[in-house]
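Chemist: Here it is, the structure, as structure tokens.
The values are calculated or read from the model by the stated rules, or taken from the named source; none is laboratory data. The shown structure was predicted, so the numbers you read here are calculated from the model rather than taken from an experiment. All Cβ positions, glycine included, derive from the backbone under ideal geometry; neighbour counts span all protein chains shown.
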Amino acid sequence: MMDSVLGVVLALAALLCYGFLLGSSFCALFQKRERAGFCLLLGMMLFLAVFTVTELPIEKLGLPFHVLVYVQTGVLLALFAACIVFCARKGVFREWKMPAASDICMTVFLLLILFQVIYGMNNGGRINGYDTSYYNGHAMNAIYTDTMYQYNPRTGRYIGLETYEYDGYPMLIAYLAKVFFMHPLVVVNRVLAILEIILANLIVYETAMRLSSGKRRVAVWTAAIYAGMSVFCYQFEEGRFFYLWQRTAESKSMLANVYLPFALLALLMLVKESGALYGWLILMLAAIVGAGLSVSGIFVMAVMIGSGLLALIVCQRRWKYLPYSVLCMLPGMAIGITRLFL
Amino acid sequence: MVSGWDLEFYRTVFTNYWWHGLFFVVYLGGLVYLAAGKSAELKQVFVWPFVIMLISIFNPFLMEPILQRTGWQNRYSRFFWMLPAELLCAYILAVLIERQNRAEWRTGMIVMAACLVFLCGGSATEFALDDNIYKIDDSVIAVAEMIDAASEKERPVVLYDEEMYYWIRQYDASFTTGAKKSEMETYRWMTAEEIDASEQYESRGQAVAMFVRGVEVEPALINKVFAGREIDFFVRNRNFYSEEYLKQLNLVYVDAVEGYELYRCVQAREE
């Protein structure tokens, strides 16, 4: 029943609602008034970060897959309950309001996302070859054998422990498939693919909003031109747009189109927030998710955030940012080192 | 020790990523525009990180020894994802459009943005509805269901061609592939016609590697593989193997779907 359009819509609605609640709570915790789109974006990154941090020790201890499902679900439910209580006490729910139907900018932006989702789901993109057989194979094995990375993803033979570098992304696919009663291919090719398209657009919109000091028309134009570029420049095989439309929701695609642009947005916020804890934590989230859910992200994310922070420290001559920078990068680097060497 | 400098590699990576380079030129133009501007924030977020990356990660003289030691040449192009080129281009164009007060100038800017998108890129992919909710070929699902229907085992051992190999376990993890990973990938980039048939006698693994690419390996050799590896089913890609050849293998026809036929391996069952 869940392997259907209705199932995809339900799973997406559940994830987006969860993300929105998580993001709203985070913003309320720091007494920040943010747009709904940003709360959603932040909440989804929080969700991914929580997943990464919970998944890694279970995986490294060689525990069965069902332990991950139980622990992860427990943690996420506890977080959900905490957010509900917190939001109720702080009166966050009263601040939520539906966007007005006459809001042209919002309508255009939502239509833009809708068109891209429809395009992404029907563009004939199907390069499910060598790489995807690895990720999806591990996700399938986890569900079928109740183990994590102990069977060869392509042949199904027992290997003990995977020796090739791998990230936590296949387990995210497997986990979502388990909790939503879906086939992993539906999770990755539909649910996560649509999520990637939505998040990629939200990041562009939010970055443009902050760059233009809140000019919504500039943000919508930026999102529209960016969308045009992505659709018409998809064929550059190494580029981020190729991954967005032809290899949607692979871990590399998420790195190129979600994690790294989110890191840029976090850096921009850090500059705008003049080094407030809120900004540092969001940057730390980007580092954790990038390193935990993409092997390439361990290096690429470190270089990107490192370069951004170095530029910030030197330009603003705020040497006191150095220890904050180290602390901000530490969890991501620890996850990366654990993934590569332990 | 670093064994020589391969600067051509960096040129190839750069051109492969940026193609004709128009986007990169616009991006550089945007950076120069920001560098000349008054906004310190924009410089801190876009210009200075780019300069730092230019003298570090995009510096071939620094990266060559690192890449040679780590062997990450095939992943080097991913560092270009750090550059927010497309975002900056889109933002600058959006600002230029919004700055125009007169309708004709604004229309002109929109046309210019559209031209840039088409000049930098080209065409979108086709708009085609997918076969199914899984976003995989219908034939993969059909083959998997065909094996499930025919098998009495929970985890049947199945041998299929290299193309099906990458797909089928993404849909159904209950199968175990009757060939090793290395065998499936030996002739990955070659067609049956390009493979030297005499190599089949080098080892049994070599014979399997050739067989899964469609080479008509000596039947006795493949029959030994079917028996030795206790292969339950063989999925024949209809583009491969003649009918005469199949008759020499210890197989019994089970069923067929478009493009594929399913055979049960007789000897494996007898042993």
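Conditions tested, residue by residue: (1) surrounded by fewer than 23 Cβ atoms within 10 Å (Cβ to Cβ); (2) within 21 Å of A:Cys27 (Cα to Cα); (3) within 12 Å of chain B (Cβ to nearest Cβ).
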site: A:Leu265; (1), (2), (3): no, yes, yes
site: A:Glu273; (1), (2), (3): yes, yes, yes
site: A:Trp280; (1), (2), (3): yes, yes, no
site: A:Ser296; (1), (2), (3): yes, no, yes
site: A:Phe299; (1), (2), (3): yes, no, yes
site: A:Ala311; (1), (2), (3): no, no, yes
site: A:Val326; (1), (2), (3): yes, no, no
site: A:Leu340; (1), (2), (3): yes, no, yes
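Chemist: Would you point out which residue out of A:Leu267, A:Leu260, A:Leu199 is more than 27 Å from B:Ala114 (Cβ to Cβ), part of a helix (DSSP H, G or I) and in contact (Cβ under 8 Å) with a residue 12 or more places away in the chain?
Modeler: A:Leu267
Chemist: Can you name the residue in the range B:104-133 that is aliphatic (A, V, I, L, M) and farther than 19 Å from A:Met229 by Cβ and is also modelled with the highest pLDDT among such residues?
Modeler: By that ranking, first place goes to B:Ile133.
Chemist: So which pairs qualify, if the first residue must be in the range B:82-100 and at the interface with chain A (Cβ under 7 Å from one of its Cβ atoms), the second must be outside any helix (DSSP H, G or I) and among the aliphatic types (A, V, I, L, M), the Cβ gap must be under 9 Å, and the two must be at least 6 apart or on different chains?
Modeler: Pairs found: B:Met82/B:Ile57.
Chemist: Only one of these is farther than 30 Å from A:Leu161 by Cβ, surrounded by fewer than 18 Cβ atoms within 10 Å (Cβ to Cβ), among the basic types (Lys, Arg) and touching a residue at least 24 places away in the same chain (Cβ under 8 Å): A:Lys97, A:Lys90, A:Lys60. Name it. Write out each step before concluding.
Modeler: Values: A:Lys97 fails: touching a residue at least 24 places away in the same chain (Cβ under 8 Å); A:Lys60 fails: farther than 30 Å from A:Leu161 by Cβ.
It is A:Lys90.
Chemist: If you go through the range B:57-81, how many residues are outside any helix (DSSP H, G or I) and more than 7 Å from chain A (Cβ to nearest Cβ)?
Modeler: 4
Chemist: Another question, if that's okay. How about the range A:233-255: which of its residues are among the aromatic types (Phe, Trp, Tyr) and in a helix (DSSP H, G or I)?
Modeler: Those that are among the aromatic types (Phe, Trp, Tyr) and in a helix (DSSP H, G or I): A:Phe241, A:Phe242, A:Tyr243, A:Trp245.
Chemist: Here's another thing I want to ask about it. Working only within the range A:214-240, note down all residues that are at the interface with another protein chain (Cβ under 7 Å from one of its Cβ atoms) and among the polar types (S, T, N, Q).
Modeler: Result: A:Thr222, A:Gln235.
Chemist: Restricting to the range A:157-195, and then to whatever is acidic (Asp, Glu) and touching a residue at least 40 places away in the same chain (Cβ under 8 Å), can you tell me which residue is surrounded by the most Cβ atoms within 10 Å (Cβ to Cβ)? Give the derivation first.
Modeler: Step one: of the range A:157-195, the residues acidic (Asp, Glu) are A:162, A:165, A:167.
If we keep only those that are touching a residue at least 40 places away in the same chain (Cβ under 8 Å) too, we end up with A:165, A:167.
Numbers: A:Glu165: 10, A:Asp167: 27.
Selected residue: A:Asp167.
Chemist: Tell me which residues, restricted to the range B:106-161, are in a loop (DSSP other than H, G, I, E, B) and within 30 Å of B:Ala227 (Cα to Cα).
Modeler: B:Ser151, B:Glu152, B:Lys153, B:Glu154, B:Arg155, B:Pro156, B:Tyr160, B:Asp161 - these are the residues of the range B:106-161 that are in a loop (DSSP other than H, G, I, E, B) and within 30 Å of B:Ala227 (Cα to Cα).
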